[in-house]
Amino acid sequence: MSFRTSGNITVATIVMLLAGAQSQHSVALSSRSLCALTGSTVKIPCKYTSSSSSVRAREWYQVQRSDGEPQDLSKDPQYLGRVSVSTWWNDCTLTMNNVNVSDSGVYNFRFRTWSSEWISASSGITLTVTDLKVTRPNTYRWRTTLNCSSTCTLPNNPTYIWYRNGQPVYNQDTNELYMYDYSGAGSYSCAVRGYEELRSPAVCVYGKDSCWSVTYVTQSICALIGSSVDIHGYYTFPDQQPTPQPAWYARLHLQVKELSHADDRVEVFSHRANVNTLRLKHLTESDSAEYLLRFKAPYMIQTDSSAGVSLSVTGLKVNVDSPAVPGSEGQTVTLSCSSTCTLPYNPTYIWYKNGQRVSHCTSVSCSVSAVRDAVSYSCATEGNENLLSPPVYAPRNTRALMVSSGERVEGDSVTLTCSSEANPPVLIYSWFKQRAAADTLLPTGQNYSISNISSQHSGLYYCTAHNQLGQHNSTTTLLDVLYPPRNTRALMVSSGERVEGDSVTLTCSSEANPPVLTYSWFKQRAAADTLLPTGQNYSISSISSQHSGLYYCTAHNQLGQHNSTTTLLDVLYPPRVPSVTDRVSGDSVTLLCYSDSNPISNYSWYKKTGSGVILLGNSTNLTLATGAVGLFFCTAQNQFGSMDSSEYSVPTGNPAGTYAASGVTVVFFLTLIAVCLWVRRGSAAVSRRSEETSTNHDSAPVYDNISALAKTCDSTVSSDDQDEVHYSSVHFTHSHTQEVLYSTVQLPKALIQGEEVEYATVNITKTKVSPQ
């Protein structure tokens, strides 16, 4: 009968699938039974197989425990610290240290995966823990037979060692010992070769006084710091004597003291007759001493002179044996696990890299590769995996630091120092400056000093620490060198021509640390430079010819300032209205044309005719020969525009004579005007001074003539004339032709009294003269 599930899979099918999966898992034990001596170490070989690598739990347990429920031995207080299970691949070998009679029982191993329940061997292995015992199966007057026996059969057909009064009896390697007379009187014990420390209790044969003895398994013990050690003392005494009371003592530097039972690290017990055990836990180096078992009074003298057991407590240490060159990544380095004394039982060594077990290293030495990062190695002995050696490691926590806190200005000295944690210690420190392309290697050494720093030394620095196991880089540290502004430059933001009406921006740049706080702008002038608005940029929205000139900027920070070189702002503009001047030479007149423009203008001369104009030439000058009459003008032109001058009229007749007479008249009237202006100003000054002194002095008649002259001038020059007359236009009426002559009169400084009269305007009308 079967039951169907909702997915049309029968329960029987599921059971078959589980059975198939179960058959792919197994546990194999090496034997069914094992006999071991009390105090020895037992190894139970074990292998398991699994179709899945995802084993989620595995454990050894004791079958048929008194409490019924199997319990993981590694978590059982009875086995705590005494058992370990191999974790290598599918190996499940159990190691049990210091077994005792109570450990006898059936043991099994089991595991389970995510898809299965517990899988174990079909039957476990039976462990029997036994003591050795000396018995006397028969005794005759002339012969005594001693037998070394155990409750189970020891493996590997062992050989035996016999001891008389604690000393080996040679040539007796069987479990039986025969004695034929009283010469062999004393205490006898036995042991299995290879387990000499696990000898039997002693028995007294043929003697009384000769049966007092205290012996030890060994005269010296080497133990690891943090571990526990058992020191076994074997004693015998005559059968007729009351059982003596043993006690343990420590002897250090000739001082002997009894061990205190109040110390929770000290435990004394006796599991067998005539055997007393001292257990010292959590050993430290200070526990290194000689330990003795003695009888208390009244039998103390019987064991007072016996030698004890010398205990040496040592730690494991990893030595780097290979002379690796620091920094050679990938180079093979040989490590060795050492101690100050020889550990017993030829232990198996375990190696760890960064806390993880190294599978290929199981001996006292291990070969590894130097690395370029922090990595540590430590060692331990099997069964004492928690007692690791201090690690050896490649450098780590490497730091690059400035020796002092504060600002560093150009010209100062600075020292960087490198620190790192490493075991073995750092051999070499290397310094680097970080760069975009490739970092620069600097001198080696723990410190790197610069005596006279400059801005070129600014940047990120780091160091590398090397020892035999590898190397490690520090993080970077910034060397920030402060300096005043330099390489200051004033530039136009955009290139190209700048024409009147455009907008222009000048920008100032400078190297400085700390950054520039203020930029100031100046326009260069002959007398004194003009301060412009501050700011990194200086903008003009609509430039004109007045803005042309040389500009520069000044950059300021807390350490100083620096001026840029000048930059030229060249404003381009079309020609202004040209001016025409003349120059008379003999019978000819040369006209000169000039206009303000940028770039410089090209000039052309024209003559007006009835129907238009005639081009006379392309030049700034035009020379008119004798007899030339008419209206003339010039044109100034550049790429931005052109402008015509006013018309210039040349009269008929003798040009030279006409202009000479006109010149005399013009000079006369201009002189008259200048004198009048000077007199007016002087008169005003006299009036002011007269008013200031009239209260103290009489009027000074000496100024009357000047005042009178001023009145005369007033009738000539109207009162609404301006102080400054810019242009002089002289109009001549000659025949029927009007002639315009431009001239400039520069007045003497004595006449203008601080004022400038640049031009004067004079209108002269000449009466028309009839020809005679």
Query raised in the report: Restricting attention to the stretch 614-649, which residues are β-branched (Val, Ile, Thr) and at pLDDT 80 or above?
Result: ILE614, THR620, THR623, VAL629, THR635
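Here are ASN397, ASN447, ASN386, ASN423: which of them is within 22 Å of GLN468 (Cβ to Cβ), open to solvent by 60 Å² or more (accessible area, probe 1.4 Å) and of a type outside the set (D, E, K, R)?
Working: ASN447 fails: within 22 Å of GLN468 (Cβ to Cβ); ASN386 fails: within 22 Å of GLN468 (Cβ to Cβ); ASN423 fails: open to solvent by 60 Å² or more (accessible area, probe 1.4 Å).
ASN397 is the lone residue from the list that is within 22 Å of GLN468 (Cβ to Cβ), open to solvent by 60 Å² or more (accessible area, probe 1.4 Å) and of a type outside the set (D, E, K, R).
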**Report entry** Candidate set from the stretch 183-203 (those that are part of a helix (DSSP H, G or I), touching a strand residue (DSSP E or B) at 6+ places or on another chain (Cβ under 9 Å) and without any contact (Cβ under 8 Å) to a residue 60 or more places away in the chain); member that is most open to solvent (accessible area, probe 1.4 Å)
**Finding:** GLU196
Query raised in the report: Only one of (1) open to solvent by 50 Å² or more (accessible area, probe 1.4 Å); (2) without any contact (Cβ under 8 Å) to a residue 60 or more places away in the chain is not met by PHE522, so which one is it?
Result: (1)
Report task. Write out, first by first residue and then by second, each pair whose Cβ atoms fall under 8 Å of each other, whose residues are 6+ apart or on separate chains, and whose first residue, in the stretch 380-399, is among the basic types (Lys, Arg) while the second is open to solvent by less than 50 Å² (accessible area, probe 1.4 Å). Result -> ARG396/ALA374; ARG396/SER420; ARG396/ALA422; ARG396/HIS472; ARG399/CYS418; ARG399/SER419; ARG399/SER420; ARG399/SER474
Requested in this report: State all residues of the stretch 56-103 that are charged (D, E, K, R) and surrounded by 15 or more Cβ atoms within 10 Å (Cβ to Cβ); if no residue qualifies, say none.
Outcome: ARG58, GLU59, ASP72, ASP76, ARG82, ASP103
Report summary line: Counting only residues that are within 21 Å of ARG82 (Cα to Cα), more than 57 Å from the chain's Cα centre (by Cα) and outside any strand (DSSP E or B), the stretch 32-64 contains a total of 2
Report summary line: Here, strands (runs of 3 or more DSSP E) confined to the stretch 112-157 with at least 3 residues that are buried (at least 18 other Cβ atoms within 10 Å of the Cβ) are 125-130, 144-149
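Could you look through the stretch 525-555, keep only residues that are of a type in the set (Ser, Thr, Tyr) and open to solvent by 80 Å² or more (accessible area, probe 1.4 Å), and pick out the one that is farthest from VAL571 (Cα to Cα)?
Residue satisfying both the conditions and the ranking: THR534.
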Requested in this report: Please work out which residue is modelled with the lowest pLDDT, limiting yourself to the stretch 244-303 and to residues that are among the aromatic types (Phe, Trp, Tyr) and either surrounded by 14 or more Cβ atoms within 10 Å (Cβ to Cβ) or in contact with an Asp or Glu (Cβ under 8 Å, 6 or more places away or on another chain) (or both).
Outcome: TYR299
Query raised in the report: Tell me, which strands (runs of 3 or more DSSP E) wholly within the stretch 543-591 include 2 or more residues that are small (Gly, Ala, Ser)?
Result: 549-557, 579-585
Query raised in the report: With respect to VAL368, is the statement that it is surrounded by 13 or more Cβ atoms within 10 Å (Cβ to Cβ), hydrophobic (A, V, I, L, M, F, W, C) and not in a strand (DSSP E or B) true?
Result: no
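Could you please find all residues in the stretch 164-182 being surrounded by fewer than 13 Cβ atoms within 10 Å (Cβ to Cβ) and either within 19 Å of GLN245 (Cα to Cα) or not charged (D, E, K, R) (or both)? Steps first, answer last, please.
Keep residues of the stretch 164-182 that are surrounded by fewer than 13 Cβ atoms within 10 Å (Cβ to Cβ), which gives 167-168, 170-171, 173-174, 178, 180-182.
Residues satisfying the conditions are GLN167, PRO168, TYR170, ASN171, THR174, TYR178, TYR180, TYR182.
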Report task. Give the number of residues within the stretch 484-501 that are surrounded by fewer than 20 Cβ atoms within 10 Å (Cβ to Cβ) and either touching a helix residue (DSSP H, G or I) at 6+ places or on another chain (Cβ under 8 Å) or closer than 20 Å to GLN536 by Cα (or both). Result -> 9
Report summary line: Going through (1) more than 30 Å from GLY315 (Cβ to Cβ); (2) touching a residue at least 12 places away in the same chain (Cβ under 8 Å); (3) not small (Gly, Ala, Ser) one by one, PRO168 fails only at (2)
**Report entry** Breaking point among (1) under 30 Å from VAL27 (Cα atoms); (2) without any contact (Cβ under 8 Å) to a residue 60 or more places away in the chain; (3) out of contact with any Ser or Thr (no Cβ under 7 Å at 6 or more places or on another chain), for THR151
**Finding:** (3)
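The values are calculated or read from the model by the stated rules, or taken from the named source; none is laboratory data. What you are looking at is a predicted structure, and each value in this text was computed from that prediction instead of being measured. Methodologically, a virtual Cβ is constructed for each residue, glycine included, from the backbone with ideal geometry; neighbour enumeration extends over all protein chains shown. SASA here: full protein model, heavy atoms, side chains in, ligands and nucleic acids out. Shrake-Rupley method; radii C 1.70, N 1.55, O 1.52, S 1.80 Å.
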